[in-house]
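**Q** Right, I'll just put the structure down here and ask away after.
The values are calculated or read from the model by the stated rules, or taken from the named source; none is laboratory data. Computed from a predicted structure; not experimentally measured. Note that we place each Cβ from the backbone using ideal geometry, even for glycine, and neighbour counts take in every protein chain shown. The protein model used for the area step is the full one, side chains on, heavy atoms only, and it has no ligands, DNA or RNA in it. Shrake-Rupley method; radii C 1.70, N 1.55, O 1.52, S 1.80 Å.
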Amino acid sequence: MRKFDIMEQLLNPFVVDRLADIYTKDEEYQNRLKEEDLIYQKLLDKLTDEQAEELEQYFVATTKTAARKETLTYTQGMKDLLALLKSLS
């Protein structure tokens, strides 16, 4: 296992908790979530049960992808910081 893979495993719980805290406190993020929910509910009202289930599966998949992307971005930033600090020492 590579050194940074271990780093990611160690940091992942911190990353998830830290970002959750930041998202909860960010008013703009919370407003955007409310807007998403309103649009989603309007859309669901127009769909059949089968279409709604497929849409839900799509959102679950895209949410997992976005979460992974956030984790990779956050972790990569920490790796880059570590590399920078090493190069300066």
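**Q** Give, rounded to the nearest 20 debye, the magnitude of the charge dipole that the chain has about its Cα centre when Lys and Arg contribute +1 at Cβ and Asp and Glu contribute -1 at Cβ.
**A** Working: 13 positive and 18 negative charges, 153 e Å.
So the dipole magnitude of the chain works out to roughly 740 debye.
**Q** Using Cα atoms only, what is the angle between the long axis of helix 3-25 and the major principal axis of the chain, expressed in degrees (0 to 90) to the nearest 10?
**A** Between the helix axis and the principal axis of the chain, the angle is about 50 degrees.
**Q** For the chain, with every protein chain kept in place, what is the accessible area per residue (1.4 Å probe, Å²)? List each step's numbers first, then the result.
**A** On the way: 7540 Å² over 89 residues.
I get 85 Å² per residue for this part.
**Q** Let me ask something else about it. For ASP21, what is the net charge nearby, where nearby means another residue's Cβ is under 15 Å from its Cβ and Lys, Arg count +1, Asp, Glu -1? Write down the numbers at each step before the final one.
**A** Details: positive: ARG18, LYS25; negative: ASP17, ASP26, GLU27, GLU70.
Charge balance near ASP21 sits at -2.
**Q** Taking a 31 Å limit on the Cα-Cα distance, which of the listed pairs LYS25/LYS79; LYS42/LYS79; LYS25/LYS46; LYS34/LYS79 fall beyond it?
**A** Numbers: LYS25/LYS79 26 Å; LYS42/LYS79 42 Å; LYS25/LYS46 33 Å; LYS34/LYS79 34 Å.
As for pairs spanning more than 31 Å Cα to Cα, those are LYS42/LYS79; LYS25/LYS46; LYS34/LYS79.
**Q** Follow-up question, since we're still on this one. Could you tell me what a quarter of the Cα convex hull surface of the chain works out to, in nm² with one decimal place?
**A** Values: hull surface 32.7 nm².
Mean projected area of the Cα convex hull: 8.2 nm².
**Q** What's the carbon and sulfur percent of the chain's accessible surface, probe 1.4 angstrom, rounded to a whole number? Walk me through the intermediate numbers first.
**A** Numbers: 4420 of 7540 Å².
Reported share for carbon and sulfur atoms: 59 percent.
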